[in-house]
Amino acid sequence: MVGGQAVIEGVMMRGPKLTATAVRDPNGRIQVDVNPVHSITERFPILKRPMLRGSVALIESLVIGMKSLSYSAQMAGDEDEKLSDREMAGTIVFALVLASILFIAIPTGAAKFFHDITSDPFCLNLLEGFLRLAIFLLYIWGISRMKDIRRVFQYHGAEHKTIHCYEAGLPLTVENVQQFSRLHPRCGTNFLLIVMLVSIFVFAFLGWPSLIERIASRILLLPVVAGISYELIRLAGRSQNAIIQTAIKPGLWLQYLTTRPPEDDMVEVAIESLKAVLPAEEIMAGTGEYIRVEGECCAE
C-alpha cells in the first residue's frame with residue numbers, strides 16, 4: 001500500500017522501499033527529493049506483528065513527515081536551511097508534549113467538573129473521553145479556517161485523489177486523478193479519529209485515581225490505543241464489508257475539513273511524488289509518459 005502526507009506546496013508519498021517529497025518551488029518547477037525507507041522492522045521483524053506495528057508506523061511517520069516538511073519549507077523558500085537531526089528530534093518531542101497537554105492533560109484535568117453530574121468512575125472516564133473528542137474536533141475546525149492551512153489541505157486532497165487513481169489501476173494523469181474522491185479510508189485524519197474513539201473505551205475501565213495517575217496511565221497506554229487503531233484502519237482500507245464501511249464514515253466526513261478540492265497544478269505535484277516511489281516498470285506500464293531518473297520523475 002502507498003501512503004502520503006501533504007506538505008508546504010507539495011506532497012510526500014511513501015511506498016514499500018522509497019519516500020518522495022515533491023514540491024513546487026517559487027519558479028514553478030517541481031523539485032523531488034527521494035530517499036530509501038529504512039524501517040526498524042527490518043532489523044526487528046517482531047515489530048511487524050499486529051498491535052506492535054501500529055506504534056512503530058506512527059513514530060516512523062512522524063520522523064519522515066518532519067523531514068518532508070523541512071525539505072518542503074526549504075524548497076518553497078520559507079526556510080534557509082534544513083533542520084539538523086537534533087533540531088528535528090527537538091521539534092518532534094515538542095509536538096508530542098504539546099499534543100499530550102492539549103489532548104490528555106487538559107481534558108483529564110477538566111473532567112473533575114463532571115463530578116456534579118456523576119461520581120461513577122466509568123461514567124467520568126467516558127465524559128472525559130467525549131471532552132477530548134470535542135477538543136480534537138474543535139482543533140481541526142479551527143486550523144481548517146486558516147488561509148495557509150487551507151492550501152496545505154488542497155495538497156492533502158490531491159494526495160488522496162492520486163492514491164485512489166493508482167489503486168484503481170488507471171494511468172496517472174491529471175484528468176484521471178481529478179475524477180476521484182478527495183476522501184480516503186486510510187487517511188491520517190481517519191486514524192486520529194479512531195484513536196480518539198478507541199481511547200474512550202480503553203480508558204473507561206481505568207477507574208478514577210489521582211490526576212497525575214490518570215495522566216500517566218493514558219500516556220502509558222497510548223501504544224495500545226495506537227496498535228488497536230492501526231489494525232482497524234488497515235482493515236477499513238482493505239475491506240468492503242458494509243458494516244465496516246459504515247463505521248468509518250465519520251472519519252471520512254471529517255476529511256471534508258482536512259482536505260480541499262485541489263487545483264490541477266497541485267495534482268501534478270502529487271503525481272510526480274507518487275511516480276517517484278513506484279517501480280520503473282509500473283510507471284512505464286501506466287502512461288508511458290514518465291520515467292524515473294536519479295530519483296526524480298521527468299517528462300520523456
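Some observations on this one:
- Test: residue in the stretch 153-161 that is part of a helix (DSSP H, G or I), over 26 Å from Glu9 (Cα atoms), touching a residue at least 24 places away in the same chain (Cβ under 8 Å) and not small (Gly, Ala, Ser): no
- Filtering Gly4, Gly28 for residues that are outside any strand (DSSP E or B) and among the small types (Gly, Ala, Ser) leaves a single hit, Gly28.
- Unique match (being closer than 22 Å to Cys123 by Cα, surrounded by 19 or more Cβ atoms within 10 Å (Cβ to Cβ) and of a type in the set (Ser, Thr, Tyr)) among Ser199, Ser210: Ser199
- Some residue of the stretch 209-228 being farther than 20 Å from Pro107 by Cβ and modelled with pLDDT of 90 or more: yes
- Residue count for the stretch 154-173, restricted to those that are hydrophobic (A, V, I, L, M, F, W, C), in contact with a helix residue (DSSP H, G or I) (Cβ under 6 Å, 6 or more places away or on another chain) and crowded, with 19+ Cβ neighbours inside 10 Å: 3
- A single entry from Ser72, Ser61 fulfils the requirement of being touching a strand residue (DSSP E or B) at 6+ places or on another chain (Cβ under 8 Å), within 30 Å of Ala134 (Cβ to Cβ), hydroxyl-bearing (Ser, Thr, Tyr) and part of a helix (DSSP H, G or I): Ser61.
- Close pairs from the stretch 265-277: first within 16 Å of Ile8 (Cβ to Cβ), partner in a helix (DSSP H, G or I) and not hydroxyl-bearing (Ser, Thr, Tyr), Cβ under 6 Å, at least 6 apart: Met266/Gln154; Met266/Ala158; Ala270/Ala158; Ala270/Glu159
- Selection of the stretch 235-256 for residues being surrounded by 16 or more Cβ atoms within 10 Å (Cβ to Cβ) and part of a helix (DSSP H, G or I) yields Ala236, Gly237, Gly251, Leu252, Leu254, Gln255.
- Flag for Phe114 being under 29 Å from Gly65 (Cα atoms) and touching a residue at least 12 places away in the same chain (Cβ under 8 Å): no
- Of the residues examined, Ile194 is one that is surrounded by 21 or more Cβ atoms within 10 Å (Cβ to Cβ), of a type in the set (Val, Ile, Thr) and either closer than 30 Å to Glu263 by Cβ or out of contact with any strand residue (DSSP E or B) (no Cβ under 8 Å at 6 or more places or on another chain) (or both).
- In the set Leu232, Leu192, Leu183, only one residue is in contact with a Gly (Cβ under 9 Å, 6 or more places away or on another chain) and not in a loop (DSSP other than H, G, I, E, B); that residue is Leu192.
- Residues of the stretch 167-178 satisfying the condition of being part of a loop (DSSP other than H, G, I, E, B), out of contact with any Gly (no Cβ under 6 Å at 6 or more places or on another chain) and more than 21 Å from Arg238 (Cα to Cα): Thr173
- The sole residue among Val225, Val202 that is in a helix (DSSP H, G or I) and within 25 Å of Ala6 (Cα to Cα) is Val225.
- Within the stretch 202-224, residues that are small (Gly, Ala, Ser) sit with their Cβ atoms under 7 Å from residues that are assigned to a helix (DSSP H, G or I) and exposed (fewer than 14 other Cβ atoms within 10 Å of the Cβ), at 6+ positions apart or across chains, in these pairs: Ala204/Phe122.
- Qualifying residue in the stretch 31-43 (condition: loosely packed, with under 15 Cβ neighbours inside 10 Å, more than 20 Å from the chain's Cα centre (by Cα) and modelled with pLDDT of 90 or more): no
- Residue ID - surrounded by the fewest Cβ atoms within 10 Å (Cβ to Cβ), chosen from residues in the stretch 100-134 that are over 15 Å from Val202 (Cβ atoms), among the polar types (S, T, N, Q) and more than 25 Å from the chain's Cα centre (by Cα): Ser119
The values are calculated or read from the model by the stated rules, or taken from the named source; none is laboratory data. Given the structure is predicted, the values throughout are model-derived calculations rather than measurements. Note: ideal-geometry Cβ built from the backbone for every residue, glycine included; neighbour counts use all protein chains shown.
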